[in-house]
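A quick write-up on the structure given underneath.
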Amino acid sequence: MKTYWSERARRITPYTAGEQPRDADMIKLNTNENPYPPSPLAIAAIEDFHMDKLRLYPNASSEVLRRAAAYVHGLSPEQVFCGNGSDEVLAIAFQAFFDDALSFCDISYSFYPVWAEMYGISYETVPLREDFTVPAEAFYGKKNIVLANPNAPTSLAQSRDEIEEIVRRASGVVIVDEAYVAFGAQTALPLIKKYDNLLVVRTFSKSHGLAGLRVGYAMGHPDLIAAMNCIKDSFNSYPVDALAQRAAAAALMDTSYAENIAKLIIHAREYTEGALKALGFQVLPAMANFVFAKPPAGISAQEMMQKLKKRHIYVRWFSGARVREYLRISIGTMRQMEQMAAVVREILETV
Ligand SMILES: Cc1ncc(COP(=O)(O)O)c(C=O)c1O
């Protein structure tokens, strides 16, 4: 068919999102969601919302949310941009800053090449080292760059000094995608005061237990934010709905809640790394809310993923050349991770 498809729709290979199964008693460790509910303040903000207000369009620039982000991060609201999930924020940033000469790691968030293709941005990929670390020097002097820090799906983080050197030497814009920064990595945020070519992107999906709300934001020089508004207002003037603006602002202000659930996840991650290593897995040093782990000899990562799925435990496996020997396992509650480790042990006993 494809009779009426545009050239663009024919050409593009879309991003494959992780499975969202409808399995009542599953342990869902496949899309890096937070196992904890959002802050009670965010829930109250939704419950207290006057629903009659839904007949009105929301504030086009997510003003309350931008003010909350500015307050929490010590910035001005002109340095903040909000969108419908960080996916949309990133897609808008790609259009706002990149015409050509974009560089990103060969193993990273697999949406980057999709946006580059979609918007006709020429790009090159920089190979990760054998141990999956980012060769920072390979980015020196490049024009436009997007880096996920910590990186996905490896969970490895770069230091702020390393990021600074890349930003300092770049002739275009550097986007640092900090979707997973809340789980122990260093943020590049302090650098935006020093560099007008740095954009830091965050999401509520991982750190704030609000993947279902679809909110993300970017921080950078007001001139970068102005370019993003220019693209937004040429695409969708009201990307963040009224409920989402209120709830995300409340969640952001509840910093102690977010810090507490991040601590629980870090604790469960440390347990998971130890448990998997004890079972013979190779586990990369994790800094995000997931681990990247290679099963011991005797069972492939794909087989392990399939066997876990039969037992209602969902983890993510990628078929790419360098990553197919690994599983990306999101960190849930301690109980979920203990159950996962127990089932992995049983599976290994049968191979
Ligand atoms: C590195 C990275 N960036 C951005 C996102 C998008 O997050 P969201 O659109 O839910 O804010 C993800 C989601 O998995 C991610 O892994």
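The values are calculated or read from the model by the stated rules, or taken from the named source; none is laboratory data. Note that the structure is a prediction, hence the values are computed from the model and not measured. Positions of Cβ are backbone-derived with ideal geometry, glycine not excepted, and every protein chain shown enters the neighbour counts. These accessible areas exclude ligands, DNA and RNA; they are computed on the full protein's heavy atoms, side chains included. Shrake-Rupley method; radii C 1.70, N 1.55, O 1.52, S 1.80 Å.
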**Asked** About its Cα centre, what dipole magnitude does region 40-253 give when the only charges are +1 on Lys and Arg Cβ and -1 on Asp and Glu Cβ, stated in debye to the nearest 20?
**Response** 520
**Message:** Leaving ligands and nucleic acids out of the surface, order 217, 4, 57 by accessible area at 1.4 Å, largest first.
**Reply:** 4, 57, 217
**Request:** At 30 Å minimum axial length over the Cα atoms and a Kyte-Doolittle cut of -0.5, report the qualifying DSSP H helices in the chain, or say none.
**Result:** 255-278
**Request:** Hand me the trypsin sites (Lys or Arg not before Pro) from region 271-330 located in a DSSP loop with no more than 16 other Cβ atoms within 10 Å, in residue order please.
**Result:** 311, 322, 324
**Item:** Selection from 146, 135, 226 lying farthest towards where the dipole of region 40-253 points positive, charges on Cβ
**Value:** 226
**Complete:** Karplus-derived 3J(HN,Hα) from phi for region 127-135 (6.51 cos²θ - 1.76 cosθ + 1.60, θ = phi - 60°), whole Hz, x at Gly and Pro, runs x, 5, 5, 3, 8, 6, 6, 8, x
**Fill in**
Non-local residues with an amide H under 5 Å from the amide H of residue 103, with H modelled 1.01 Å from N and Pro and chain starts lacking one, are 124, 144, 145, 146
**Request:** With just the Cα atoms of region 23-130, tell me how far they stretch along each of the three principal axes, in Å, largest first.
**Result:** 49, 43, 31
**Apportionment of accessible area to carbon and sulfur, the chain, percent (1.4 Å)** = 52
**Message:** In the chain, if the dipole is taken from +1 on Lys/Arg beta carbons and -1 on Asp/Glu beta carbons about the Cα centre, which of 12, 296, 181 is farthest to the positive end?
**Reply:** 296
**Request:** Compute log10 of I(q)/I(0) for the chain with the Debye formula, placing one identical point scatterer on every Cα and leaving out solvent, at q = 0.10, 0.14 Å⁻¹, to two decimals.
**Result:** -0.63, -1.21
**Asked** Got a sec? What order do 349, 164, 130, 270 fall in by accessible area at 1.4 Å, biggest, i.e. largest, first?
**Response** 130, 349, 270, 164
**Per residue convex hull volume, Cα atoms of region 100-196, in Å³** = 92
**Label-zone membership for region 15-41, site residue 338, 7 angstrom Cα→C-beta point, backbone N under 18 Å** = 27-28, 35-36
**Asked** Rounded to the nearest 0.05, what FRET efficiency do residue 100 and residue 16 have when you use their Cβ-Cβ distance and R0 = 25 Å?
**Response** 0.45
